[in-house]
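To start, the structure under review is shown below, and the notes come after it.
The values are calculated or read from the model by the stated rules, or taken from the named source; none is laboratory data. Keep in mind that this is a model prediction, so the values were computed, not measured. FYI the Cβ positions are ideal-geometry reconstructions off the backbone, even for glycines, and counts take in every protein chain you see. Ligands, DNA and RNA are excluded from the accessible area calculation, which covers all protein heavy atoms including side chains. Shrake-Rupley method; radii C 1.70, N 1.55, O 1.52, S 1.80 Å.
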Amino acid sequence: MYLLLTALVLLLASCDAQNKSFSPGKVWKDNKGTHINAHGGGILFHDGIYYWFGEHKTEGKAGNKANVGVHCYSSTDLYNWKDEGIALAVHEDTTSLLTKGCVIERPKVIYNENTGKYVMWFHHELKGMGYQAAMTGLAVSDVATGPYTYLKSINPNAGHWPVNYPDSLKNDTTTEASFEKKWTEEWRQAVKDGMFLRRDFERGQMARDMTLFVDTDGTAYHFHASEENQTLHIAQLTDDYLGFSGVYARVLPGDANEAPAIFKRGDKYYMISSGCTGWDPNPARSAVAVHPFGPWLSLGNPARGTEEQVKTTFHSQSTFVLPVDGKKDAFIFMADHWRPNNAIDGRYIWLPVTFEEGKPVLEWHDDWDLRIFKK
Ligand code: GAL
C-alpha cells in the first residue's frame with residue numbers, strides 16, 4: 001500500500017512537472033528541471049521529433065563566449081524538452097579554430113535526405129578577435145543529437161559575384177578610402193552599391209547572424225548578415241549541404257538586417273529579421289518574396305501591441321520561425337530576450353505568427369498553447 005501511494009505521489013508530481021503551454025520570457029525548465037540552455041536557437045523536425053539546437057551560455061558577461069558549445073534538446077510536443085547534452089563541443093586544443101572561448105552563435109541543423117547526414121552551420125568568430133572573422137562554421141553528424149564533428153569555418157563565396165549584382169558595378173573603384181566620413185548619404189549609397197562586397201570578393205564574404213532554410217524541393221539556403229552587417233546574403237548550399245555552391249543573392253542592400261528567420265507559407269517565402277543594435281532589442285522587420293533569392297519586398301514591423309512591445313519586439317530578437325507539424329499554416333516565432341550581463345539567464349520568446357492582409361503579425365501572449373492554431 002505504502003509503495004502504491006509513493007508511486008501515485010511520484011506520478012502526480014511528474015504530471016505536475018509537465019509543461020502544457022508556452023510562457024514567453026519565463027524560466028523554461030527541461031526534463032531535469034534546469035532552464036533550457038539553447039540561445040540563438042533553431043529547430044530541426046525529423047521523424048516525429050523536434051530537435052532544438054542553440055548556444056550553450058554560461059554565467060556572467062563571459063558567458064556569451066563559447067565556453068562549452070552547442071546544446072541540443074528533443075521534444076515531441078514542443079512544451080517539454082529533454083536534455084540531449086552538448087551536440088558540438090568546443091575544443092580544448094588551443095590551435096583549433098573551435099577552441100574554447102571562441103564565439104559560436106545561432107547554430108542551425110538540417111538533415112540531408114540523400115546522404116543521411118545531419119549538417120550544422122553556425123556563426124563563428126575566432127578567439128580573441130572580437131567579431132572580426134565573420135565566418136560560418138560547419139559540423140556534421142550521423143545522429144541528430146550528435147556528437148557533431150567540426151569540419152571547417154569559412155568566409156563564403158570567394159571569387160563569386162551574387163546572381164543579382166549588376167555588371168556595371170563590378171569594376172566600380174570606390175573603396176572605404178574614398179570617404180573621409182562614414183554613414184554619410186554618399187557612403188551609404190556606396191555600401192548599397194557593394195563597396196564591401198567588392199572588397200571581400202577574393203577572400204570570401206563576411207557571414208555573421210545566420211539561419212538555414214530547406215525548400216520543399218530539398219534545396220538548402222544559408223542566409224547571413226554580410227558586408228559589415230549592412231546587406232543580407234542568401235546562398236545556395238551544395239547538394240550535400242556541406243559547402244557553398246557559389247550561387248547567391250544580395251538582399252535588401254544597405255538595410256542592415258540581422259537575425260534572419262525564414263519560413264514558407266503556400267508558395268511565398270517570408271522573412272522576419274531585426275535591426276542591428278547588438279544585444280539590445282529593436283523593432284523587427286518582415287519581408288516577402290516568391291523565391292529565396294528575392295526580390296524581397298519589405299512588409300514592415302510585424303509586432304503589434306504597446307509602443308514598447310512594438311519598439312523592442314517584445315524585448316527580443318528573432319532567431320527562427322518553426323512550422324508546427326501536422327497543422328496547416330501554423331508557425332511559431334522564436335526569439336531571444338538576451339541577458340548579456342548574465343548570458344545563461346537569457347529567455348525565450350515564442351509567439352504564434354498570424355497573418356493580416358498577407359502580412360505576418362506577432363502579438364504578445366502571457367501564456368498560450370498550440371490550440372491557438374486551427375487544424
Ligand atoms: C546581435 C546578434 C547576436 C550577437 C550580438 C552580439 O546583433 O544578433 O547574435 O552577435 O549582436 O553583440
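Helix 2-17 and the long axis of the chain differ in direction by around 30°, with both axes built from C-alpha atoms. Under a Cβ-Cβ cut-off of 14 Å, what is the net charge of the residues other than residue 224 that fall near it, where Lys and Arg count +1 and Asp and Glu count -1? Taking every Cβ under 14 Å from that of residue 224, the sum is -3. Here region 29-154 yields Rg over Rh of 0.96, to two decimals, using C-alpha coordinates and the Kirkwood radius. Counting only other residues whose beta carbon sits under 15 Å from that of residue 301, what net charge do I get with K and R as +1, D and E as -1? Taking every other residue near residue 301 into account, the sum is -3. Lysine pair count for region 182-337 (Cα-Cα distance under 23 Å; residues 8 or more apart in sequence or on different chains): 5.
At each listed q (0.08, 0.09, 0.14, 0.15 Å⁻¹), what is the log10 of I(q)/I(0) that the Debye formula gives for the chain modelled as equal alpha-carbon point scatterers? Here log10 of I(q) over I(0) equals -0.40, -0.50, -1.23, -1.42.
Pairs of alpha carbons in region 81-132 separated by more than 18 Å make up 45% of all such pairs.
These residues, 119, 214, 163, go from largest to smallest accessible area, 1.4 Å probe, as 163, 214, 119. Using heavy atoms of the protein chains and a probe of 1.4 Å, the accessible area assigned to residue 129 is about 70 Å². Where in region 255-358 are there trypsin sites (Lys or Arg not before Pro) that are in a DSSP coil and have at most 13 other Cβ atoms within 10 angstrom of their Cβ? The qualifying sites are 327, 328. Here region 206-245 and region 266-318 have alpha carbon centers that stand 18 Å from each other.
Under the combined filter of DSSP loop state and at most 10 neighbouring Cβ atoms within 10 Å, region 296-375 retains these GluC sites (Glu not before Pro): 357. Other residues with beta-carbon under 11 Å from the beta-carbon of residue 175 carry, at +1 per Lys or Arg and -1 per Asp or Glu, a net charge of 0. Partner aspartates and glutamates whose Cα lies under 18 Å from the Cα of residue 32, excluding those fewer than 8 positions away in the same chain, are identified as 16, 77, 83, 84, 345. Averaged over residues, the count of other Cβ atoms within 10 Å places the peptides 197-207, 90-100 in the sequence 197-207, 90-100, highest first. For region 97-176, the orientation-averaged shadow of the C-alpha convex hull comes to 7.8 nm² (one quarter of the hull surface). Rg/Rh, computed from the Cα trace of region 234-366 with Rh as the Kirkwood radius, has the value 0.98.
Computed across region 136-260, the Kirkwood radius stands at 15.5 Å (inverse of mean 1/r, all Cα pairs). Counting only lysines at least 8 places from residue 152 when in the same chain, those with an alpha carbon closer than 28 Å to its own are 57, 61, 65, 100, 108, 117, 127.
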